[in-house]
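Colleague: Sending over a structure as C-alpha cells; questions will come in a sec.
The values are calculated or read from the model by the stated rules, or taken from the named source; none is laboratory data. Source: prediction; values computed, not measured. Note that each Cβ is placed from the backbone with ideal geometry, even for glycine, and that neighbours are counted across all protein chains shown.
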Amino acid sequence: MALVGNLGDNQRKVYEAQEAIRPWRQFDTLDEIQTWLDSLSSSNWWASRYPDITRIEATASPSRVCSVARQHLDEHYGIIALTPEGMNERTVLHEVAHCVAPPNAKHSGAWVREFLVLTSLALGVEKYLELYNAFSMYNVDLG
C-alpha cells in the first residue's frame with residue numbers, strides 16, 4: 001500500500017506502522033466480513049462502549065486504491081468500503097475505528113486510541129501489543 005506520499009504526519013506514520021507488521025487474517029468475502037462485524041456490534045462490550053453505533057455495514061470500495069469509512073451518527077451506523085487488498089482484520093478494524101471515533105478525528109490520537117481498543121477487544125492482547133508496538137516504533141501520536 002504505497003499511499004504515504006501526501007498524507008499528514010500522523011496519518012503517514014499510521015500507514016507505515018501498519019505496513020511494518022505481519023498481515024492479519026484475510027477474509028474471502030464481504031459476507032464473511034459482515035458476519036464478523038455483526039458479531040462484534042452485537043457483543044456486550046460494543047453496546048457498552050459504542051451505544052450510538054449499532055451496526056457497521058461492509059461494502060466493496062468503488063476505488064481499487066483505498067478503503068474508506070463513513071459515520072452516520074444520526075442513523076446509528078457506519079459504512080466501511082473495502083478494496084480486495086483491504087479485506088483483512090487489520091484494515092477492517094482500521095476503518096471501523098473511523099466509524100466509532102469522534103467525528104473528524106481522522107488519524108489523530110483519539111482515532112488511534114479507538115483503533116487500539118477495537119483491536120484489543122475484537123482480537124485480543126497479542127494483536128493489540130503488535131499494533132501498539134508498531135505505532136510506538138513509528139512515533140504515532142497515541143493521544
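Colleague: Filter region 98-111 down to the residues that are more than 12 Å from G143 (Cβ to Cβ) and in contact (Cβ under 8 Å) with a residue 24 or more places away in the chain and list them by number.
Modeller: Filtering region 98-111 down to residues more than 12 Å from G143 (Cβ to Cβ) leaves 98-100, 103-104, 106.
Across region 98-111, the qualifying residues are H98, C99, V100, P103, K106.
Colleague: A follow-up question, please. What tally of residues in region 35-67 results from selecting those that are under 16 Å from N88 (Cβ atoms), modelled with pLDDT of 95 or more and among the hydrophobic types (A, V, I, L, M, F, W, C)?
Modeller: So the count comes out to 5.
Colleague: Have a look at R113, R70 and point out the one that is touching a Gly at 6+ places or on another chain (Cβ under 7 Å), farther than 19 Å from P23 by Cα and at pLDDT 95 or above. Reasoning before the result, please.
Modeller: Numbers: R70 fails: at pLDDT 95 or above.
Matching residue, one of R113, R70: R113.
Colleague: Output the residues belonging to region 95-115 that are aliphatic (A, V, I, L, M) and over 18 Å from I80 (Cα atoms).
Modeller: The first filter runs over region 95-115 and keeps only residues aliphatic (A, V, I, L, M), leaving 96-97, 100-101, 105, 110, 112.
A110, the sole residue that qualifies.
Colleague: Does S136 meet the test of being over 17 Å from E19 (Cα atoms), among the small types (G, A, S), surrounded by fewer than 16 Cβ atoms within 10 Å (Cβ to Cβ) and modelled with pLDDT of 95 or more?
Modeller: Details: over 17 Å from E19 (Cα atoms): no; among the small types (G, A, S): yes; surrounded by fewer than 16 Cβ atoms within 10 Å (Cβ to Cβ): yes; modelled with pLDDT of 95 or more: yes.
The answer is no for S136.
Colleague: Given the residues A60, A47, which is the only one that is free of Cβ contacts under 8 Å to residues at least 24 places away in the same chain, more than 24 Å from M137 (Cα to Cα) and of a type in the set (A, V, I, L, M, F, W, C)?
Modeller: Values: A60 fails: free of Cβ contacts under 8 Å to residues at least 24 places away in the same chain.
Just a single option satisfies the conditions, and that option is A47.
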